[in-house]
Amino acid sequence: MNAEPLVAHHDGVRLAGSLWHPERKARALVLMYPGSGPSDRDNDVLFPPIRAALLDAGAAVCSFDKRGVGGSSGDWLDADIPLQAADLAAGLAAAREVVGDLPTGLFGHSQGGWVVLEAAAQDAVGFVITNSGPAVGPREQETYSTAQTLRLARLARPRGAGGAPHLHAGDGPARAAVRHRVAARPGPSPDRRARRRRRLRPRRSRPVGLRRTRDAPRSAGRPPHDGRPAARAVRRR
């Protein structure tokens, strides 16, 4: 596998990446776009094995560091989905200048699934692959994620009076206010907590040999039945 550096420019930002060539003549070009956060061209450890499989199949593969990551300038926090899709289009144009007119596809992981779909709507490509990508839009996904975060914050808030909420670094005023409201809500009453503990308490189980059957009479102080004499009598017959 042969790799060469690849650089694209968009919106005053330098996007650093690599273009990998298969051993034989390339039959297609695949641009791989990473997931959310400060992801590089390898998307941590996810892309290299997938890239190797694509190269073995005869496809050239390219990917780029996101803004502010690795050799790229800018800041990934400033790039929403449409802007990332525009960065992808710039990287794809740079790769096409090297490999020529080949069937082209996009591969997006996680949040990158939204990005490649957005880019495909703006540029004609042969195929799109979303790997571990959400099946809903960003607004629905983020609404669900925020609701789950608040639910977990409510379950993990300090119990009892005077417990101060834990504020994460980087919280804005709106989210900090929400965390304050969530942490200030009263927890379950002692009776409710006791009922919950009783429901979660594992039931005691007796050994099978000591379990009393439905038809066995209740007896107090009666010694247990010894079946050995009866067994010996059966054997004598």
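FYI, it's all coordinate maths here, none of it is from the lab. It should be emphasised that the depicted structure is a prediction, and the values quoted were computed from it without experimental measurement. Here Cβ is always computed from backbone atoms with ideal geometry, including for glycine, and neighbour counts include all displayed protein chains.
Only beta bridges with both residues in region 2-138 are counted; by DSSP, about 45 percent of them are antiparallel. Stokes-Einstein diffusion for region 1-140, with the hydrodynamic radius set to the Kirkwood value over Cα pairs and evaluated at 4 °C in a medium of 1.567 mPa s, equals 89 µm²/s.
The trypsin sites (Lys or Arg not before Pro) found in region 1-105 that occupy coil by DSSP, while having at most 16 further C-beta atoms within 10 Å, are ARG24, LYS25, ARG27.
By the count of other C-beta atoms within 10 Å, a proxy for reagent exposure, VAL30, VAL69 are ordered fewest to most as VAL69, VAL30. The order of HIS21, HIS9, going from fewest to most other C-beta atoms within 10 Å of their C-beta, is HIS9, HIS21.
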